[in-house]
1. Give the residues of region 79-108 that are polar (S, T, N, Q), assigned to a strand (DSSP E or B) and farther than 12 Å from GLY21 by Cα, sorted by residue number.
2. For region 54-78, which residues satisfy the criterion of being among the acidic types (Asp, Glu) and within 22 Å of the chain's Cα centre (by Cα)?
3. Does any residue of region 27-49 turn out to be open to solvent by 70 Å² or more (accessible area, probe 1.4 Å) and modelled with pLDDT of 90 or more?
4. How many of the residues making up region 75-108 are in contact with a Pro (Cβ under 7 Å, 6 or more places away or on another chain) and closer than 18 Å to LEU48 by Cα?
5. Can you tell me which residues in region 87-110 are free of Cβ contacts under 8 Å to residues at least 60 places away in the same chain and farther than 17 Å from TYR27 by Cβ?
6. Within region 109-132, track down each residue that is surrounded by 15 or more Cβ atoms within 10 Å (Cβ to Cβ) and either within 17 Å of ASP22 (Cα to Cα) or at pLDDT 90 or above (or both).
Amino acid sequence: MITGLFFSCSNDDEIRIAGLGDFSGNYRLNFVDNLKYCYNNDISSIDLVISPDGRFKQKFFILNNNNECVLSEILEGQITIVSSFQFEPRGTILYDNSEVVHKLHLPESVDGVHNKLEINLTEERAKINFYYYKTIEKNTDS
């Protein structure tokens, strides 16, 4: 009985956060709530790629002087999930070679997968939301 109690109380090294499922994959920018940023109309565009270890590559689009949505920059960095509020994980986005940190919100996962995420760009002093929808990868193997 003592051995069973010991093993049931032992801690593994993995941190478990309520509501956190798999959020890696390819995402398409769907909505931007800011006049400075925009999203292109290419439905095949992949605007955010997140690897299973939380590393990411993100495209930023801005409006140019001709009111066209053009690629401004591609940034890379690390996503860290820090907490969960009512089973909706929250985290931070730290960009490589920068001290800029953005906030991340993941709506509750469906069947262990997050199909949408929200990034708040805090340095703009306004609530700016990017909503990404995971693209469906079609299996071409027969």
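1. The answer is THR80, SER83, THR92.
2. From region 54-78, those among the acidic types (Asp, Glu) are 68, 73, 76; that's our starting set.
Passing the criteria: GLU73, GLU76.
3. No.
4. The number of residues fulfilling the criteria is 2.
5. Across region 87-110, the qualifying residues are ARG90, THR92, LEU94, ASP96, ASN97, SER98, GLU99, VAL100, VAL101.
6. SER109, HIS114, ASN115, LYS116, LEU117, GLU118, ILE119, TYR131, TYR132
Every residue, every condition in (1) assigned to a loop (DSSP other than H, G, I, E, B); (2) in contact with a Ser or Thr (Cβ under 7 Å, 6 or more places away or on another chain); (3) among the aromatic types (Phe, Trp, Tyr), yes or no:
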position	(1), (2), (3)
ASN26	no, yes, no
LEU29	no, no, no
ASN34	yes, no, no
ASN41	yes, no, no
SER44	yes, no, no
VAL49	no, no, no
PRO52	yes, yes, no
LYS59	no, no, no
LEU71	no, no, no
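The values are calculated or read from the model by the stated rules, or taken from the named source; none is laboratory data. It should be emphasised that the depicted structure is a prediction, and the values quoted were computed from it without experimental measurement. We place every Cβ from the backbone using ideal geometry, glycine too, and count neighbours over all the protein chains shown. Ligands, DNA and RNA are stripped out before the accessible areas are found, and what is left, the full protein with its side chains, is counted by its heavy atoms. Shrake-Rupley method; radii C 1.70, N 1.55, O 1.52, S 1.80 Å.
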